[in-house]
Amino acid sequence: MSIIDDIRNALGLGPNSWDERLAATIGFTSPDGNEFTAYWRGSPRSKDKKLGIFLYPGLKGNVVQDLEVNSSRFSITFYFEGKDNDKEANRFYAACDERG
């Protein structure tokens, strides 16, 4: 999704249903070379701060140290299609255990 799409959606000018918001396919390749293709509607992203929080006896409150930011995280919601979509989803889930 682009910033333009975000603005249109905020103004209520975007697509009205999930199937209209369904984007083009997204492809995944596992470390072992397994390939997956799924439909993706676009997803939000988030970022967290890393904080060191210290508790000292006799001191009210906490001492907080800013340790910069964590990596960005993208929650990706995607859908497999076809008569074996459940089997493909299970195969993808198993591939998530591959190292790399």
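What follows is calculated from the coordinates using simple rules that are stated; it is not laboratory data. Please read these numbers as outputs of a predicted model, since none were measured by experiment. Cβ coordinates were reconstructed from backbone atoms using ideal geometry, including for glycine residues, and neighbour counts include every protein chain displayed.
Between 0 and 90 degrees, rounded to the nearest ten: what's the tilt of helix 85-95 against the longest Cα principal axis of the chain?
40 degrees
If the chain between F92 and D6 were fully stretched, how many nm would it gain, using 0.36 nm times the residue separation less the Cα-Cα distance?
28.0 nm
Treat each spin label as a single point 7 Å out from the Cα along the C-beta direction, and report the A24 to N85 distance in nm.
2.1 nm
Defining a contact as two alpha carbons under 8 Å apart and six or more residues distant in sequence, what relative contact order in percent does the range 24-95 show?
Normalised by residue count, the contact order of the range 24-95 is 31 percent.
Can you give me the orientation-averaged projected area of the convex hull built on the Cα atoms of the chain, in nm²?
11.2 nm²
Using a Cα-Cα cut-off of under 23 Å, which lysines could be cross-linked to K50, ignoring same-chain neighbours fewer than 8 residues away?
Within reach: K60.
Work through the residues other than S30 whose Cβ is under 11 Å from its Cβ and net out their charges, Lys, Arg +1 and Asp, Glu -1.
The answer is -2.
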